[in-house]
Amino acid sequence: MTADRHGHRMSHTGADALVHYERALDHLVFFRPQVSEAARAALDAAPRSVMTQVLAAYLGVLGTEEKDAAAARASFLRFRSGLDEDGLTPRERMHLAAAGAWLGGDMHRAGRLLGELTVAHPRDVLALFAGHQHDFLTGDAQRLRDRIGGALGAWEPDDPHRGPLLGMYAFGLEESGHYERAEEVGREALAHHPRDVWAIHGVVHTYEMRGRFTDGIRFLDARTDHWSDGTLLTVHNWWHYALYTLELGDTARVLEIYDRALHHDGSAGVAMELLDAAALLWRLYLSGEDQGARWARLADAWERRDDGAHYAFNDAHAVMAYVGAGRTKAAERLVADRERWLTGASPAVANRAMTADIGLPVCRALIAFGQREYGRCVDLLLPVRHRLHRFGGSHAQRDAVQRTLVEAALRAGRTDLARTLLSERIQLRPVCPYNWAQQARLEEQLGDPARAAAAREKAAAQAAS
């Protein structure tokens, strides 16, 4: 029986298929678009290979694309219908169960099974990568950290896949609040592989969360050739660059990045890129910037997708685009569709709770904000603000919703709440021009021009530093 480079046996997999499979794993952990071609080559070489089929199944769900997941599920069910599982290895059977659960919508069971897999097989790269992305998509920061941390001790320092695992670990550390340690581990990963865009991404998050926006720009500028083109994470890392630039007050540069990298005529139209575009424009929308033409093009892209209920985090960003474009009816149609879907959705489908508990309240709040019903927006967001992680994404991504709550509280005249929200933000991130600019607005509402001026000065000084 064939075995992969880490000694895991692979049923019904010949030497040619193994070469393609290993190449696909290399592309996967470094977020190279060639992963799809290599995975297809592995399948063609060994259509009965369990691990190549499992790899294809995970690729079908990791992008949060409803149509890709449906196609992968149909293919996977066909494969399993003629499979005699008795002769497979325990590891392969666990992968089949995990992939099947995820394709069936039970993400949480899939995550648990992948966790059991990495306890038994801590050098299973596919289980670790899929599990890590699962934890990101479900917003589980502690598991995002510990799934990788718990496996790293089994890896030799010179293993070529240890580097990308360090990149994953860096992101888990960052999402768990260990910012200095995350930067250290991320830089160690980059010492192994300078083009590890997920490790770059992990370090970038640490600068964002510590208010080191100029340092973040310098870090990315020094590595432009390593991340800025030709990867599955290119748009997202440009989004981070734009966030830094926005904090520093350079709106013209933000829009230049948006038009060149985030959304343009040549954009792929995939959900993970469209949501970055929506999240960036929404921050401008909250500040009163009119981006009508950009919103219209982005809303068109979301409408062309014609997504059903699949991932609530995507739904919220589609609604941002519709509200930003003034298409309230389109936003309301999406909400009504999800409400209908909930009546028949199985409780085992993870997106059911994501939609009911977080997605729909957020979508309704975004619509209320667009209708200038700021008090209603506050009332919808306040109960879920500490639970937003449950519908996925990172702290940086979910901050678009948290900022909506701050803005709605200010516009609704809810000064006591605004004071509390801004105090929370400032204590956690004292270096953040946005926080101090909003504090200045609050002080003006409270009738204290001296404190307002001091807050404005602090915001300006931080943006200039």
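Worth pointing out:
- Stokes-Einstein diffusion coefficient of region 170-312, Kirkwood radius over Cα pairs, 37 °C, 0.692 mPa s, in µm²/s: 206 µm²/s
- On a per residue basis, region 337-465 carries 44 Å² of accessible surface, using protein heavy atoms and a 1.4 Å probe.
- Summed residue charge, Cβ within 12 Å of residue 420's Cβ, Lys/Arg positive, Asp/Glu negative: +2
- Over the chain, dividing the summed -39,500 (n - 2.57) contributions of all DSSP H runs of at least 4 residues by the number of residues returns a 222 nm mean residue ellipticity of -22000 deg cm²/dmol.
- Modelled spin labels at residue 444 and residue 340, positioned 7 Å past Cα toward Cβ, are 4.5 nm from each other.
- Rounded percent of accessible protein surface that carbon and sulfur make up, the chain, 1.4 Å probe: 49 percent
- For residue 191, the shell of other residues with beta-carbons less than 15 Å away shows a net charge of -2, using +1 for Lys and Arg and -1 for Asp and Glu.
- Remark: the Cα gyration tensor places region 148-204 in the oblate category, a/c being 1.5 or greater and a/b not exceeding b/c.
- Contour minus Cα-Cα distance for residue 37 and residue 71 (0.36 nm per residue): 10.6 nm
- Accessible surface, region 62-140, averaged per residue in Å² (probe 1.4 Å): 39 Å²
- Divided by 2.2 N^0.38 Å, where N counts the residues, the Cα radius of gyration of region 397-465 comes to 1.04.
- Environment charge of residue 452, counting only residues whose C-beta is closer than 14 Å and scoring Lys/Arg +1, Asp/Glu -1: +1
- Separation between Cα centres of region 146-197 and region 400-422, rounded to whole Å: 36 Å
- Under the simplified labelling scheme, the residue 78-residue 465 pair shows an inter-label distance of 5.9 nm, with each label point 7 Å from Cα along Cα→Cβ.
- Once the 1.4 Å probe is applied to the protein heavy atoms, region 238-325 comes out at 33 Å² accessible per residue.
- Stretchable slack from residue 154 to residue 429, in nm (0.36 nm times residue separation minus alpha-carbon distance): 95.4 nm
- Put a dot 7 Å past the Cα of residue 1, heading toward its Cβ, do the same for residue 112, and the two dots end up 2.6 nm apart.
- Extension gain (nm, one decimal) between residue 371 and residue 221, 0.36 nm per residue minus Cα-Cα: 50.0 nm
- Region 216-233 and region 239-305: distance between their alpha carbon centers, rounded to Å: 18 Å
- Acute angle (nearest 10 degrees) that the helix 292-305 long axis makes with the longest principal axis of the chain, alpha-carbon atoms: 30 degrees
- q = 0.15, 0.16, 0.17, 0.22 Å⁻¹, region 330-399: log10 I(q)/I(0) [Debye, one scatterer per Cα]: -0.51, -0.58, -0.65, -1.02
- Using Cβ point charges alone (K and R +1, D and E -1), the dipole size of region 96-201 about the Cα centre works out to roughly 240 debye.
- Region 156-250: C-alpha gyration tensor shape, a/c 1.5 cut-off, then a/b vs b/c: oblate
The values are calculated or read from the model by the stated rules, or taken from the named source; none is laboratory data. Since the structure is predicted, the reported quantities are computational estimates derived from the model, not experimental observations. Heads up, the Cβs are rebuilt from the backbone with ideal geometry, glycines too, and the neighbour counts pull from every protein chain shown. Keep in mind that these areas ignore ligands, DNA and RNA; they rest on the heavy atoms of the full protein, side chains included. Shrake-Rupley method; radii C 1.70, N 1.55, O 1.52, S 1.80 Å.
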